[in-house]
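Please read the structure below before turning to the comments.
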Amino acid sequence: MLSIKTLLLPAFTEASPVDNVLSVQRVQCDLAVVIDVLRATSVIVTALNSGAKQVTTCGTVDEARHFASKSPGRSLLCGERNCKKIDGFDLGNSPLEYVPEIISGAEIFLTTTNGTRAIESMSEVPSVAIASFLNLSSVVEKVLAYKTVCIVCAGTNDQVTLEDVLLAGALVSRVRLSTDLIQVDDASELAATLWQSRVESGLAEKKVSESSLLVECLRDTYGGRNLSRLGFFEDLSVCGQIDSLSGVPMRFSKDPTRFA
Ligand code: MLT
């Protein structure tokens, strides 16, 4: 039996930090699937598809600089604060920047406001997978190989965000199509219902692709409005292309920050 739990926000707050024993107990699972559709996890998937050697996620800007300076290979400092590229960094957090000409063979050191923090909150979980709409089918396959799975939505500044819950719902709905031996919690049910009502049910009626409906939804989310306001409107279309890429960036407990 596959059991899926969804956390609509990471299992920590300012008052209950990542290394708090209670927060670790709340996320007992074999696999954590971390979601930050706009845009950290979409960027990680894009970077590895563009030939990055690996992506190391860092909690702070200083940590990223420190690890990059120790890296023997060609390293790129990447990430954002408040959606904007960090001073002195090579790249920001737009998937459009992560093209093979720049990325291929490089080691990426990435720090973002919410996404890398959500990843860090899962540091006790033996395996962590990175999910985006771009690699949805690959993530579904991965989830089916585990017994207890926790989907973690990064949210934005401790607020639940529609775009992350939509992907959690798409994931739960698609996994259900592949197995009846599945048990999901109420948060997963909520996410699946959201996905069905916002995207799946519109398919027959509007006669457009799933990705077009999704991009329309992304424009009307907190993260989507924020990015559009800052001039990253095009990123919404890129992050909404379902199954345009493949593979699942993974990290295991022996190397808790490095995704390949
Ligand atoms: C984050 O981690 O907060 C986001 O990825 C923000 C962004 O898209 O720039």
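The values are calculated or read from the model by the stated rules, or taken from the named source; none is laboratory data. Since the model is a prediction, treat every value here as computed from it, not as a measurement. Glycine gets a Cβ as well: all are built from the backbone with ideal geometry, and neighbour counts include every protein chain shown.
What the table shows:
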item	result
Residue match in the range 160-183 (condition: aliphatic (A, V, I, L, M), over 20 Å from the mean Cα position of the chain (by Cα) and surrounded by 15 or more Cβ atoms within 10 Å (Cβ to Cβ))	yes
Test for VAL238: is it under 24 Å from ALA64 (Cβ atoms), in contact with a strand residue (DSSP E or B) (Cβ under 9 Å, 6 or more places away or on another chain) and modelled with pLDDT of 95 or more	no
Filter result (among the small types (Gly, Ala, Ser), within 18 Å of ILE102 (Cα to Cα) and within 13 Å of the ligand (Cβ to nearest atom)) within the range 56-83	GLY79
Scope the range 212-224; condition part of a helix (DSSP H, G or I), away from the ligand (no atom under 16 Å from the Cβ) and not small (Gly, Ala, Ser); matching residues	LEU213, LEU214, GLU216, CYS217
Condition check for GLU120: within 16 Å of the ligand (Cβ to nearest atom), closer than 30 Å to SER253 by Cα and of a type outside the set (A, V, I, L, M, F, W, C)	yes
Breaking point among (1) more than 16 Å from the ligand (Cβ to nearest atom); (2) under 24 Å from ASN93 (Cα atoms); (3) modelled with pLDDT under 95; (4) in contact with a strand residue (DSSP E or B) (Cβ under 6 Å, 6 or more places away or on another chain), for ALA129	(3)
Answer residue from the range 225-250, given it is over 15 Å from the mean Cα position of the chain (by Cα) and part of a helix (DSSP H, G or I) and is surrounded by the fewest Cβ atoms within 10 Å (Cβ to Cβ) among those	ARG229
Hits in the range 158-169 - residues which are under 20 Å from SER201 (Cβ atoms), in contact (Cβ under 8 Å) with a residue 60 or more places away in the chain and not charged (D, E, K, R)	LEU162, VAL165, LEU166, LEU167, ALA168
Search result, residues across the range 162-196 that are modelled with pLDDT under 95 and among the hydroxyl-bearing types (Ser, Thr, Tyr)	none
Neighbours by Cβ (under 8 Å, 6+ apart or cross-chain): first from the range 91-116, at pLDDT 95 or above; second within 9 Å of the ligand (Cβ to nearest atom) and of a type in the set (Phe, Trp, Tyr)	SER94/PHE232
